[in-house]
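Every number here is computed from the coordinates shown, using simple stated rules; none is lab data. This one's a predicted model, so the numbers in the text were calculated from it and none came from an experiment. Quick reminder, even Gly has a Cβ in these numbers, built from the backbone with ideal geometry, and neighbours come from all protein chains shown.
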Amino acid sequence: MARALVLVATALAASILTAGVYANAIVWADISIGRADCGTVWEPNAVEEPCASALRRRAWATTGMLGAAALVALVTVVVGSRPPGGRGTPALALAVGIGGAVVMVGLVWGAAIERTVGT
């Protein structure tokens, strides 16, 4: 079990690092006068709607990566620690909870990006 926890922690750390690099990369959008620098997911600069759209896609992808990593890690721990005859209800509850959290974070961050359009 300890080895599984170390593997899960390593996988989570790698996923967080990957998602962090992905979110910090500068997003570009095609605008009629040429490609525009739209900032990053963490520091959006959505001066026009194409930038906001590109940033929202990047934010959803980042949120999804982190959510998937959390789901896989937690389900691995729950399934690995339950008795052989146990049911999968805790894993299902985790999946529903993490899925809901991913959707809420994506919606909130998308709304935050939308507020930067034209500022």
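All other residues whose Cβ lies under 12 angstrom from that of V41 are scored, Lys and Arg at +1 and Asp and Glu at -1, for a net of +2. Here the calculated FRET efficiency for Y22 and V79, from their Cβ-Cβ distance with R0 = 22 Å, stands at 0.20, rounded to the nearest 0.05.
Sorting 42-53, 3-14, 91-102 by their mean Cβ neighbour count within 10 Å, with the most densely packed peptide first, gives 42-53, 91-102, 3-14.
The string of couplings for the stretch 21-36 from the Karplus curve (6.51, -1.76, 1.60, θ = phi - 60°) is 5, 4, 6, 7, 5, 5, 9, 10, 10, 7, 10, 3, 8, x, 5, 10 Hz, one whole number per residue in order, with x for Gly and Pro. Taking amide H as placed 1.01 Å from N in the peptide plane, E48 has its amide H under 5 Å from the amide H of G118, each at least 5 places away in sequence or on another chain.
V105 sits among other residues whose Cβ lies under 14 Å from its own Cβ, and their net charge, with Lys and Arg +1 and Asp and Glu -1, is +2.
Hey, what D do you get for the chain in µm²/s if you plug the Kirkwood alpha-carbon radius into Stokes-Einstein at 20 °C and 1.002 mPa s?
Calculated translational D: 135 µm²/s.
Between S32 and L107, the modelled label-to-label distance comes to 3.4 nm, taking each label 7 Å out from Cα in the direction of the beta carbon.
Once both labels are positioned 7 Å from their Cα atoms along Cα-to-Cβ, the gap between E43 and A9 label points is 3.2 nm.
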